[in-house]
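All of the numbers you see were taken from the coordinates with simple rules; none came from a lab. Nothing here was measured: the structure is a model prediction, and the numbers come from that model. Every residue, glycine as well, gets a Cβ built from its backbone with ideal geometry; the counts of neighbours run over all protein chains shown.
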Amino acid sequence: MYLAKRLVLAHFWIAFVAFLGAIVLGEWQMFIRSPLANWINNPEHYYRSVTAHGTVMAYVLPTLVAMGFGYAICELALKRPLIGVKWAWAGFWLVIAGTAVAAITMALGKASVLYTFYPPMIGNAFYYIGVVLVVVGSWIWVGLMSVNLRAWRKENPGATVPLAMFGNVAGAYLWAWTSVGAAVEILVLILPASLGLTDTINAGLARVLFSWTLHAIVYFWLMPAYIAFYTIVPRAIGGRLYSDTMGRVAFVLFLVFSMPIGIHHLFADPHVGAGFKFVHAAMTAMVSVPTLLTVFTIVASVEIAARLRGGHGLFGWVKALPWDNPMMLAVTFSFVMLGFGGAGGIINMSYQLNETIHNTQWVTGHFHLIFAGAIVIMYFMVAYELWPQLTGCGALPKGLMKVQLWLWFVGMMVLSMPWHLVGLLGMPRRMAYYDYSHPDIAPQAWTVIASTLGGLLLVISAFILVYILASAHRRPKSTPAPFTFSATAHPMAHTPVALNTFGLWVAMMIGLTLVNYGFPIAQIAMLPDAYVPVIPIGSR
């Protein structure tokens, strides 16, 4: 790598330090809600903690990981120095400044509104200003990804964009459009209310604008993980990528289908018509296509690795897989959690079945399995893969890495599976306290204890992760082998233009989003009864 080592390290270190704090807060929340602890008697402390935990996990961690990984990909895949290093540092410091402003506001109890921007509850203006700074910093990253790709194209006219960079830029464009909804909501509706410029707010419009961002952000979170699936996993386990084309198709389909689906989070919202709720439910089913393509392609790539190691037979090759390789463990654990979480998502997206689990702990279990499980475990592996390149250390301790991955997988399953069970029984999410002496709730007490123990395993795993990464800086220096991405098993002589550029797919993304959101936004903006009095949490 060239000049970007410190830049990438800075992004990853801030991401994982913030992650460590957030994971401790998450365990504290589970503990005080369980029969193992006495109630803290102040629910605001609980919601303050939930706001901090969710804000870090939803915005700070994935944004910094995507940015840091993206800068590394620019140099490693394009094999040229990063253009705009000073701008990249400016974006980084904007993210840090925004995180600090939002964190201080949350710590003071001025923004205990959770990490979703749902009026009429309005936090202190500085919380939203902090979030805006994080988003603006990330937009600089989006611009730099586009600039670096354009410069590479000029130097390599007609060449195929490396798959890692193709996925990286797809993720950047997805985030640029995804963040528009929440940005407009904050700048047009929430900030004026939090600054006292208006005492009412269009709550229905705010919810729809936030839904623009709410579900598509999940696919921004997963892009680094999917880039690792396609471009790192096959090489790391000694195999080949089954299909470069499949990877490109998956990335562009995420661009098209992950945006116009957020209203499935508003099935119970009275301001949105049933017709658009159904449209978004149907469109949500389409986003499973790139994931199914990915599962097929990566399993096929894994099989290639096993057969290259001497595996044979219909299923006998499974035994030949390198199960002592941390990457093999990580991708297996990720797919298992993705399977369970995705199955739960089918319930969430169903217009009818969603009524059974709406606003229950089922939802909490679903998104923890998808993000904190399937996605975050691949964030760990991205860091492990890049660390020798970034620090010049030797090989990381394989045994300790496997312990860390096992603890994360087991902890996440023990944490989230009870949530699915009690969600079916009707236990509400976002509750600060449960009275376990009540005969209807007492039988569920064991599930909260189990989730608390699962959370403890996650905390231990997170500390091991940070220890592995920190200790690498003190290890004897060595010259790492040049970093390579996965080779494809079936090289293409020529990549179709549609799978080597983004114009068509970005146009479809924007067009489909406007079709699916345009009418609801225009309709609700003109509804007088959508305006409600502001409840200024930050004025307490």
- What is the gain in length, in nm to one decimal, between Arg150 and Tyr118 on full extension, counting 0.36 nm per residue of separation less the C-alpha to C-alpha distance? 7.7 nm
- With a 10 Å radius around each residue's Cβ, average the other Cβ atoms per peptide and rank 479-485, 416-422, highest first. 416-422, 479-485
- Query: Are there chymotrypsin sites (Phe, Trp or Tyr not before Pro) in segment 300-376 that DSSP puts in a loop and that have at most 15 other Cβ atoms within 10 Å, and which ones?
  - Reply: Phe315, Trp323, Tyr351
- Query: Which distance in nm do the two modelled labels at Asn500 and Arg309 give, with both placed 7 Å along the Cα-to-Cβ direction?
  - Reply: 3.5 nm
- Task: Run the dipole for the chain about the Cα centre, Lys and Arg Cβ at +1, Asp and Glu Cβ at -1, nothing else charged, and hand back the magnitude in debye, nearest 20.
- Result: 1600 debye
- Task: Answer with one residue from Val252, Ser451, Val272: the one whose Cα lies farthest towards the positive end of the charge dipole of segment 5-539, charges on Cβ with Lys, Arg +1 and Asp, Glu -1.
- Result: Val252
- What order, most packed first, do the peptides 486-495, 258-267 have when packing is the mean number of other Cβ atoms within 10 Å of each residue? 258-267, 486-495
- Out-of-range pairs (alpha-carbon distance over 31 Å; input Lys79/Lys319; Lys110/Lys277; Lys154/Lys402; Lys319/Lys398; Lys5/Lys319; Lys402/Lys477): Lys79/Lys319; Lys110/Lys277; Lys154/Lys402; Lys5/Lys319
- Item | Cβ-based net charge around His271, under 15 Å, with every Lys or Arg adding one and every Asp or Glu removing one | -1
- Message: Sort 160-170, 19-29, 439-449 by packing, meaning the average of other beta carbons within 10 Å per residue, with the highest value first.
- Response: 160-170, 19-29, 439-449
- Under 15 Å by backbone N from the virtual spin label 7 Å along Cα-to-Cβ at Trp406, the residues of segment 311-331 are 323-330
- What's the angle, to the nearest 10 degrees (0 to 90), between helix 163-184's Cα axis and the longest principal axis of the chain? 10 degrees
- Task: May I ask which residue of Trp406, His438, Ala159 lies farthest towards the positive end of the charge dipole of the chain, with charges of +1 (Lys, Arg) and -1 (Asp, Glu) on Cβ and the Cα centre as origin?
- Result: Ala159
- So which trypsin sites (Lys or Arg not before Pro) in segment 271-336 pass both tests, a DSSP loop state and at most 16 other Cβ atoms within 10 Å of the Cβ? Arg309
- Task: Determine the distance separating the Cα centre of segment 390-451 from the Cα centre of segment 155-226; give it in Å without decimals.
- Result: 29 Å
- Message: Going by Cα centres, segment 35-52 and segment 68-95 are how many Å apart?
- Response: 39 Å
- Find, among the trypsin sites (Lys or Arg not before Pro) in segment 62-124, those assigned to loop by DSSP (not H, G, I, E, B) with at most 16 other beta-carbon atoms within 10 angstrom. Lys79
- Message: Just want to confirm a number: the relative contact order over segment 5-539, from Cα pairs under 8 angstrom separated by 6+ residues, in percent.
- Response: 21 percent
- Net charge contributed by nearby residues that have their C-beta within less than 15 Å of Asn354 (K/R +1, D/E -1): 0
- Message: At R0 = 45 Å, how high is the FRET efficiency between Trp87 and Val532 if r is their beta carbon distance? Nearest 0.05 is fine.
- Response: 0.65
